[in-house]
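The values are calculated or read from the model by the stated rules, or taken from the named source; none is laboratory data. In this text, all values refer to a predicted model and were calculated from it rather than measured experimentally. Neighbour counts run over all protein chains shown; Cβ positions are idealised from the backbone, glycine included. Accessible surface is based on the protein model in full, side chains and every heavy atom, while ligands, DNA and RNA are left aside. Shrake-Rupley method; radii C 1.70, N 1.55, O 1.52, S 1.80 Å.
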Amino acid sequence: MPTANRWLKPEVYPLFATVGVAVGICGMQLVRNITTNPEVRVTKERRAAGVLDNFEEGEKYAEHGLRKFLRTRPPQIMPSINKFFSDPN
């Protein structure tokens, strides 16, 4: 198959991986919003409820585990490299 060899070069694999990770993150966020977002109502019974003042559920959705974990971390992606390049000593 000369056509397959033309499109599946090894240089393209990182691009496929990057796009695959991005699609995976988008899919995960969509599933998270559909299943746990208090403002999204998929079933007919929940839609019939109207506007709910359920602040506890909204707080639980907004303060998820990843946000709680990142709150204790320094706001840097690579702190050791940043320290190496910014420290004058």
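Is there any pair with a first residue in the range 50-70 that is closer than 17 Å to Asn33 by Cα and a second that is polar (S, T, N, Q) and modelled with pLDDT under 80 whose Cβ atoms are under 6 Å apart and which are 6 or more apart or on different chains, and what are they?
none
Which residues, taken from the range 14-63, are among the hydroxyl-bearing types (Ser, Thr, Tyr) and open to solvent by 60 Å² or more (accessible area, probe 1.4 Å)? Can you show your working first?
Of the residues in the range 14-63, the ones among the hydroxyl-bearing types (Ser, Thr, Tyr) are 18, 35-36, 43, 61.
Within the range 14-63, Thr18, Thr35, Thr36, Thr43 qualify.
What helices (runs of 4 or more DSSP H) lie completely within the range 7-89 and have 3 or more residues being of a type in the set (Asp, Glu)? Show your work before the answer.
Working: elements: 13-36, 44-47, 55-62, 65-71, 79-86.
In the range 7-89, the matching helices (runs of 4 or more DSSP H) lie at 55-62.
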